[in-house]
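> Quick one: this structure, given as structure tokens, is what I'll be asking you about.
The values are calculated or read from the model by the stated rules, or taken from the named source; none is laboratory data. Computed from a prediction, not measured in an experiment: that's the story for all the values here. Heads up, the Cβs are rebuilt from the backbone with ideal geometry, glycines too, and the neighbour counts pull from every protein chain shown. Side chains are part of the model used for accessible areas, which takes the heavy atoms of the whole protein and leaves out ligands, DNA and RNA. Shrake-Rupley method; radii C 1.70, N 1.55, O 1.52, S 1.80 Å.
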Amino acid sequence: MKKEFYIGRGNGTNFDGPFNVVEIDNKVCEDDSVREKIFRKVMDPGIGPGFEKVHYEFLPRFTVEFQPDIDTLLADRRECASTIFSGPNNSGKSLILKQMHSTLGPKVCLLTCNRYSTIDVINTQNSHGFDERRQHYDMISNQLESGHFHDDQNPRQLEQLIRGLTDTQLDNLFELAGELLGAKIQLLRTDSTRTRMSPWYVDIDGQSLKYASSGTRLMFTLLGHLFDDYFQIALIDEPELGLSPKIQASLARALYDNSVRKKYFPHLKQVFIVTHSHLFLDREVLSNNYIVEKKGDEVINRQVKSTAELHELQFGMLGNDLDHLYMPAAVVVVEGPCDISFMARLFSLHTPTRRVSIVVARGDGGAPDKVQTLSDGWGDLHTSPYRSRLFVVLDAKHDVKKASLTRQGVLDDNIHVWGKNGIEWYYPKKHVAAAFKCSETELSDADLGVERVTMNSISMSKTALASFVVPRVTLSDTLDPELTAFLEKLKHAMG
């Protein structure tokens, strides 16, 4: 935030100044009467600097620090056309834009979340666009300096925006908005059959913009500001407001694609965006994305440097979920049908609200072939959102396949090699003992990894044993620590 400065006046005497808040605190400690002499330096639009009386108890004490500081961040991004800030709520993202606005000056357009606007006919009287823009900048700056940094103001009404555009800008606005909405948009007179003096209105497929949805008007307000060539930099807080996912994706392309941006917004040197929508993240240039986190009084910007960090942002901090797209939250590759039945039972009990897809390799050590098939469907596994959610479970004898899987892109930590050879060793012992009518202690003499297990004259194939044990598994069963660790790792990956 800008440093605030104060002077003192009272009883015909002044104390030296200006001082910042810390210095005022020191003055009060030395002389309590200073409390009644404090005036804040302010800027009145169109008038010049002035002073207003403030109470010591209500001096704004903005303690948040930015890491890196705003000046450094702006310097780092000076040559970058697009910068996207994203992260959890209450992490300081909007505050970053407001501080940038105050730092960069009036040639910067700040679009806060409060930009809803109504519109009727267009008032064709001459406007004072420059004054409107400058007054808005001064208002925001004064709010910051007076501690009202959470106040959001709609800078200009939609009617003012449309009225202030040139014919070419207006044509481009209607063209782009029409493409986004899939509609024909034009400027018409309310009663063109009777008089040339009838007022104008914006027509969208035969309906006045006055009656359009709130999302449509939010979109027009956003675009109207962007088409105003007075501004060289745009700071947009949550451009996704009121917009369908399809329109969000199209608008993101218009802002980030050089050819589209050059056509419609050639005057915009930079765009800074705060968003909660994954559709506004830049997937083409990862370093254009920043993760914003707040730790105590620090707002920390962390530049995305890898696909994994982008997925961390998209599926972790923003909470997007593959399940909501009717896709599995995770995929587990196993080696045989018995693994499928037992794992499916465990997942239904321990992750009942998440869909885990279990894929069987079917073949001695065939997991790499199955992973390759999955990768062919997803695209490059190294950049897939499924990379951190793909798990491969191998029997001990197939440990040599691990190196091949990591080369394919499977995370080393997501390849689990059982310490014992065969899933049967990890069935709850009490159910296996019940199948062979013996005690759990007696099972220590059995080789559960062979194709057919015989005990007490009872012989069972792997499939038969799985059919007996799996339906009996419940949440109350004690699981092998190795199996428990695997389940916890899977839960963590799904978020």
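> Of everything in the stretch 171-202, what is of a type outside the set (Gly, Ala, Ser), within 13 Å of Tyr264 (Cα to Cα), touching a Phe, Trp or Tyr at 6+ places or on another chain (Cβ under 9 Å) and surrounded by 14 or more Cβ atoms within 10 Å (Cβ to Cβ)? Give them in sequence order.
Those that are of a type outside the set (Gly, Ala, Ser), within 13 Å of Tyr264 (Cα to Cα), touching a Phe, Trp or Tyr at 6+ places or on another chain (Cβ under 9 Å) and surrounded by 14 or more Cβ atoms within 10 Å (Cβ to Cβ): Asn172, Leu173, Leu176.
> Which of the residues belonging to the stretch 351-382 are part of a helix (DSSP H, G or I) and either more than 16 Å from Thr406 (Cβ to Cβ) or open to solvent by 30 Å² or more (accessible area, probe 1.4 Å) (or both)?
Of everything in the stretch 351-382, those that are part of a helix (DSSP H, G or I) and either more than 16 Å from Thr406 (Cβ to Cβ) or open to solvent by 30 Å² or more (accessible area, probe 1.4 Å) (or both) turn out to be Asp369, Lys370, Gln372, Thr373, Leu374, Asp376, Gly377, Trp378, His382.
> Looking only at helices (runs of 4 or more DSSP H) that lie completely in the stretch 422-495, which have at least 3 residues being farther than 20 Å from Ala344 by Cβ?
The helices (runs of 4 or more DSSP H) meeting that bar are 429-436.
> So, one more: Every residue in the stretch 448-458 that is surrounded by 12 or more Cβ atoms within 10 Å (Cβ to Cβ) and closer than 19 Å to Cys338 by Cα, please.
Leu448, Gly449, Val450, Val453, Thr454 - these are the residues of the stretch 448-458 that are surrounded by 12 or more Cβ atoms within 10 Å (Cβ to Cβ) and closer than 19 Å to Cys338 by Cα.
> Now, a different point. Does Ser404 satisfy being under 39 Å from the mean Cα position of the chain (by Cα), open to solvent by 60 Å² or more (accessible area, probe 1.4 Å), at negative phi and small (Gly, Ala, Ser)?
no
> I'm told Arg217 meets every condition in (1) closer than 30 Å to Thr190 by Cα; (2) open to solvent by less than 20 Å² (accessible area, probe 1.4 Å) except one. Can you identify the failing condition by its number?
(2)
> Modelled with pLDDT under 90 and among the polar types (S, T, N, Q): does that describe Ser375?
yes
> Output the residues belonging to the stretch 383-398 that are surrounded by 14 or more Cβ atoms within 10 Å (Cβ to Cβ) and part of a helix (DSSP H, G or I).
Passing the criteria: Thr383, Arg387, Ser388, Arg389, Lys397, His398.
> It is to be established whether one or more residues within the stretch 363-374 are free of Cβ contacts under 8 Å to residues at least 40 places away in the same chain, within 30 Å of Thr463 (Cβ to Cβ) and among the basic types (Lys, Arg).
Among the residues of the stretch 363-374, at least one is free of Cβ contacts under 8 Å to residues at least 40 places away in the same chain, within 30 Å of Thr463 (Cβ to Cβ) and among the basic types (Lys, Arg), which makes the answer yes.
> List every residue pair whose Cβ atoms sit under 7 Å apart, with the two residues 6 or more apart in sequence or on different chains, where the first one lies in the stretch 327-345 and is among the hydroxyl-bearing types (Ser, Thr, Tyr) and the second, anywhere, is open to solvent by 10 Å² or more (accessible area, probe 1.4 Å) and not in a loop (DSSP other than H, G, I, E, B).
Here the result reads Ser341/Val470, each pair linking the stretch 327-345 to a residue that is open to solvent by 10 Å² or more (accessible area, probe 1.4 Å) and not in a loop (DSSP other than H, G, I, E, B).
> Give the stretch 159-170 a look and list any residue that's crowded, with 16+ Cβ neighbours inside 10 Å and part of a loop (DSSP other than H, G, I, E, B), or say none.
Gly164, Leu165 - these are the residues of the stretch 159-170 that are crowded, with 16+ Cβ neighbours inside 10 Å and part of a loop (DSSP other than H, G, I, E, B).
> Further question: Looking at Asp380, Asp412 in this structure, which one is modelled with pLDDT of 85 or more, under 26 Å from Arg345 (Cα atoms) and among the charged types (D, E, K, R)?
Asp412
> Ok, one more. Sort out for me the strands (runs of 3 or more DSSP E) sitting completely within the stretch 16-120 that have 2 or more residues that are modelled with pLDDT of 90 or more.
Qualifying strands (runs of 3 or more DSSP E): 65-67, 82-86, 108-111.
> OK, next. Suppose we keep only residues that are of a type in the set (D, E, K, R) and within 18 Å of Arg77 (Cα to Cα) within the stretch 262-282. Which one would you say is surrounded by the most Cβ atoms within 10 Å (Cβ to Cβ)?
Filtering the stretch 262-282 for residues that are of a type in the set (D, E, K, R) and within 18 Å of Arg77 (Cα to Cα), the one surrounded by the most Cβ atoms within 10 Å (Cβ to Cβ) comes out as Asp282.
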